[in-house]
Amino acid sequence: MKALLTEESHAFISKLFLLLSIPTYVVTRYVIVAPFGRHVQDSKKYRWWFGPQLDAKLSWFIFESPNLIWSWYCYCYLRDSEIMSSGSDAAMISIDNNQLQLSSNAILLALFTLHYINRAIIYPLRMNSNSHRVPLLVTASAMIVTILNGYIQSFHLVRVHKLPPLTLPPSSSINLLSLLGILVFVVGMTINITADGVLRNLRRQRNSGGNNQKTYYIPQHPLFTYISCPNFFGEILEWFGFAIASKFSLPAMAFFIYTSSNLVPRAIAHHEWYKQKFKDYPLERKWAVIPFVV
């Protein structure tokens with residue numbers, strides 16, 4: 001454990017995580033669509049090496065929770081008070097020259113934690129009871145990613161690099177950049193949660209001959225006007241905003257790029273699935289995840 005808690009190890013794992021985005025994109029775009037959800041409905045497509053299938057709610061909690069564990073552990077046991085401070089003293093909030101100063105590191109760690117409280121706890125609790133079970137392969141793979149990511153983000157913010165404090169009202173272009181990043185993060189999270197809610201409300205369970213069958217519908221909401229997966233777009237936007245607010249640090253950029261490498265191929269697969277399943281799929285919904293791009 002001690003070997004992980006050095007700046008050298010942190011930098012190495014951050015670079016490794018960034019490089020992981022390359023095989024992730026290639027495999028999920030050109031080799032196999034991650035086998036869960038709508039993409040593994042047909043039992044004939046299921047492979048033995050996917051492993052046993054877990055309850056969806058349990059699976060989501062298992063593979064998202066390492067992010068929360070790392071943020072808690074790093075904050076409680078590893079934080080450097082100077083790095084987490086807003087000024088010359090150890091306080092995260094201070095007033096200097098009639099300006100309110102907030103610790104940028106503390107704000108970003110709070111945003112990171114807030115996102116994963118939603119993904120690890122709230123999102124699973126709100127999932128429909130008939131959600132597709134998740135193969136062990138997917139759960140284990142995702143958990144490896146979150147163990148790595150939870151570590152590089154949390155350790156960076158509490159121990160490695162002190163960001164300039166956020167002052168209100170803004171006193172420099174650096175402060176404006178931080179505020180822009182936070183705003184982009186909040187907008188992205190709002191889009192993500194709203195789109196997830198639209199999709200969740202669409203999923204219905206019908207009883208046909210005594211067997212439960214999952215029925216899909218075309219999402220109808222302004223967020224879905226031009227793209228099939230605004231939920232993925234929102235999450236990509238979140239981590240782009242996080243990267244901006246962190247002044248494009250290596251860990252934040254690594255996660256933004258990795259998130260894109262994972263979600264863009266899945267969004268493309270979703271988009272193609274929608275077009276094949278629904279003959280009346282909206283013609284103006286031409287893009288999978290990023291309007292006018294892909």
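The values are calculated or read from the model by the stated rules, or taken from the named source; none is laboratory data. Remember, predicted model here, so these are calculated numbers, not experimental data. Virtual Cβ from ideal backbone geometry, glycine too; neighbours counted across all protein chains shown. Remember, those area values only see protein heavy atoms, side chains included, never the ligands or the DNA or RNA. Shrake-Rupley method; radii C 1.70, N 1.55, O 1.52, S 1.80 Å.
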Subject >> Chain lengthening between M127 and W49 when straightened (0.36 nm per residue, less Cα-Cα) >> reply: 25.5 nm
Original post:
How much length is gained if the chain between K277 and Y77 is pulled fully straight, taking 0.36 nm per residue apart and subtracting their Cα-Cα distance, in nm to one decimal?
Top reply: 66.9 nm
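How long are the semi-axes of the equivalent ellipsoid of the chain, taking √(5λ) for every eigenvalue λ of the Cα gyration tensor, in whole Å from largest down?
Ellipsoid half-lengths, sorted descending, are 37, 22, 17 Å.
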Original post:
Taking Cα centroids, how far is the range 70-112 from the range 238-280 in Å?
Top reply: 29 Å
Original post:
Restricting to lysine pairs 8 or more places apart or on different chains, what number in the chain have Cα atoms under 22 Å apart?
Top reply: 17
**OP:** Quick one: among I107, I193, I144, which has the greatest mean-square fluctuation in a GNM of the chain with alpha-carbon springs under 10 angstrom?
**Re:** I144
**OP:** For the range 45-135, just the Cα atoms, rotate onto the principal axes and tell me the three extents in Å, largest first.
**Re:** 64, 24, 19
**OP:** Mind telling me which of F112, F36, F12 comes out most flexible in a GNM of the chain, alpha-carbon contacts under 10 Å?
**Re:** F12
**OP:** Kindly state, to the nearest 0.05, the FRET efficiency for I147 paired with R38, given R0 = 30 Å and r defined as their beta-carbon distance.
**Re:** 0.65
Subject >> Solvent-accessible area per residue for the chain (1.4 angstrom probe, square angstrom) >> reply: 51 Å²
Original post:
When the helix-only estimate is applied to the chain (DSSP H runs of n ≥ 4, each -39,500 (n - 2.57), divided by the residue count), what is the mean residue ellipticity at 222 nm, nearest 500 deg cm²/dmol?
Top reply: -17500 deg cm²/dmol
Subject >> the chain: DSSP helices with Cα axial extent of at least 20 Å and average Kyte-Doolittle hydropathy no lower than 1.0 >> reply: 136-155, 173-202
Original post:
Mean 1/r over all different Cα pairs, inverted: what Kirkwood radius does the range 161-294 give, in Å?
Top reply: 16.7 Å
Subject >> GNM flexibility winner over the chain from E238, E64, E284 (Cα, springs under 10 Å) >> reply: E284
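What part of the accessible area of the chain, given as a whole %, is carbon or sulfur when the probe is 1.4 angstrom? Could you put the intermediate results ahead of the total?
Numbers: 9390 of 14900 Å².
Using a 1.4 Å probe with all protein chains present, the chain comes out at 63 percent carbon and sulfur.
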